[in-house]
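Heads up, the thing below is written out as structure tokens.
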Amino acid sequence: MRISAPGKLMLIGEYAVLEGGPALVTAVNRRAHASSAGPPSELTSTDNPGALDFAVLSQEVASALIMAQALTKHYVANFQLDTHELHERGTKLGLGSSAAGAVASAAIAFALAGWDIAKPSVQAQLWEVALRAHQTVAPHGSGADVASAVYGGTLRIERTGGPPNIAAIAWPECLHLSVIWTKVPARTHSFLASLKTMKSNNPDLYQRCSEALIRTSEDFIHHFEMGASQGVKAATQAFGRALDKLGQAASIPIFTPAIRAICLRAEECGGAAKPSGAGGGDVCVAFFEDEASQRAFETRCQRDNFPIVAISCHQQGVRRDKE
């Protein structure tokens with residue numbers, strides 16, 4: 001059996017989503033693949049699913065698989081996980097490889113137990129298991145990458161104190177997106193720790209920065225839903241400026257020289273770009289109204305040794321693949 005789950009791109013809402021603002025995430029065509037080479041064996045009352053050897057798996061993936069096996073009361077025989085599509089030259093791209101791996105791993109346990117992972121009720125349980133596993137590693141994370149891996153498409157995510165609110169959004173045909181790799185992995189955990197310190201030491205400044213991010217994220221999503229590409233570009237630039245101010249206030253390099261260079265090239269070609277995710281590395285997303293501007297931008301990036309990542313957005317969520 002083979003199960004796959006998509007990686008994600010954060011289009012807007014980084015950091016804002018942690019303070020109750022909205023974020024927009026889209027599932028991509030690079031996926032994590034989980035497989036089982038043998039029939040499942042049923043757990044007995046004396047079995048311990050946590051006793052299996054998960055030393056080679058990440059904590060998030062291992063937790064998801066353990067919880068799914070305990071819930072379904074079935075072992076996954078000869079389990080394997082492949083996330084190489086979510087990396088470039090052995091380096092993570094920031095496409096949510098751990099979350100996609102956790103969802104695919106939990107889903108294969110569900111499917112082997114006879115549960116239909118295409119059913120909304122089963123997907124809701126899968127979302128709950130994978131989110132709990134994600135929270136063992138990132139207890140304050142938004143869960144956007146987990147939701148994207150389960151449900152696919154393009155989703156608006158908003159935290160209101162309880163489980164995140166999730167709403168599907170259509171992709172506007174007039175909007176063209178490019179993904180550019182900075183060739184440097186981001187340091188998400190250290191950035192979040194610095195933000196926590198800033199919030200404690202200077203709560204007024206932190207609130208002003210967060211409010212600016214929330215306003216521009218809401219503006220972006222409004223124009224995205226309306227299919228207003230000029231509004232999307234303007235909101236992207238405004239969000240980037242707000243991100244930069246947050247980074248400077250918290251003394252974290254959200255905007256590296258490479259990210260600044262990529263954003264400048266996008267503006268010079270008639271578009272707008274921003275880091276996708278925490279910043280400090282990983283990938284940037286750039287938005288354009290027409291293919292000619294997009295091609296001109298990609299040509300400049302390749303000339304200046306910023307690799308273009310071949311990615312399609314608004315893809316299917318977790319699924320059973322052909323064997």
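The values are calculated or read from the model by the stated rules, or taken from the named source; none is laboratory data. Please read these numbers as outputs of a predicted model, since none were measured by experiment. Using ideal geometry, Cβ is built from the backbone for each residue, glycine included, and neighbour counts are taken over all protein chains shown. Please note that ligands, DNA and RNA were not included when accessible areas were found on the heavy atoms of the full protein model with its side chains. Shrake-Rupley method; radii C 1.70, N 1.55, O 1.52, S 1.80 Å.
Between 126, 86, 18, the Gaussian network model of the chain with springs among Cα atoms under 10 angstrom shows the greatest mean-square fluctuation at 18. In loop segments of the stretch 109-201 as defined by DSSP, the GluC sites (Glu not before Pro) with at most 10 further C-beta atoms inside 10 Å of their C-beta are 173.
Residue by residue, the stretch 78-92 carries 3J(HN,Hα) couplings of 6, 6, 9, 10, 10, 10, 5, 5, 9, 10, 9, 6, x, 10, 5 Hz when phi is fed to the Karplus relation 6.51 cos²θ - 1.76 cosθ + 1.60 (θ = phi - 60°); x denotes Gly or Pro.
Note on the chain: with neighbouring protein chains present and a 1.4 Å probe, carbon and sulfur make up 49 percent of its accessible heavy-atom surface.
When the Cα positions of 131, 22, 254 are compared along the charge dipole of the chain, 254 comes out farthest toward the positive end, with charges on each C-beta of Lys, Arg, Asp and Glu. Restricting the trypsin sites (Lys or Arg not before Pro) of the stretch 71-110 to loop positions (DSSP other than H, G, I, E, B) with no more than 14 neighbouring Cβ atoms within 10 Å leaves 89. Heavy atoms of the protein chains alone define the surface here; on that basis the stretch 85-134 has 35 Å² accessible area per residue at 1.4 Å probe size. Whole-Hz Karplus values for the stretch 147-157 come out as 4, 4, 5, 7, 9, x, x, 10, 10, 8, 10 Hz, taken residue by residue from phi with 6.51 cos²θ - 1.76 cosθ + 1.60 and θ = phi - 60°; glycine and proline positions read x. With the cut-off at 26 Å, tell me which of the pairs 8/183; 183/322; 199/245; 92/119; 8/73 have Cα atoms farther apart than that. Over 26 Å apart, Cα to Cα: 183/322; 92/119; 8/73.
Charge dipole (Cα centre; +1 on Lys/Arg Cβ, -1 on Asp/Glu Cβ; no other charges) of the chain amounts to roughly 400 debye. For the stretch 182-260, the list of trypsin sites (Lys or Arg not before Pro) that fall in a loop by DSSP and count at most 16 other C-beta atoms within 10 angstrom reads 183. Accessible area per residue for the stretch 188-323, computed on protein heavy atoms with a 1.4 Å probe, is 48 Å².
Computed from phi, the 3J(HN,Hα) profile of the stretch 118-131 under the Karplus parametrisation 6.51, -1.76, 1.60 (θ = phi - 60°) reads 8, 7, x, 5, 6, 5, 5, 5, 5, 4, 5, 5, 5, 5 Hz, with x in place of Gly and Pro.
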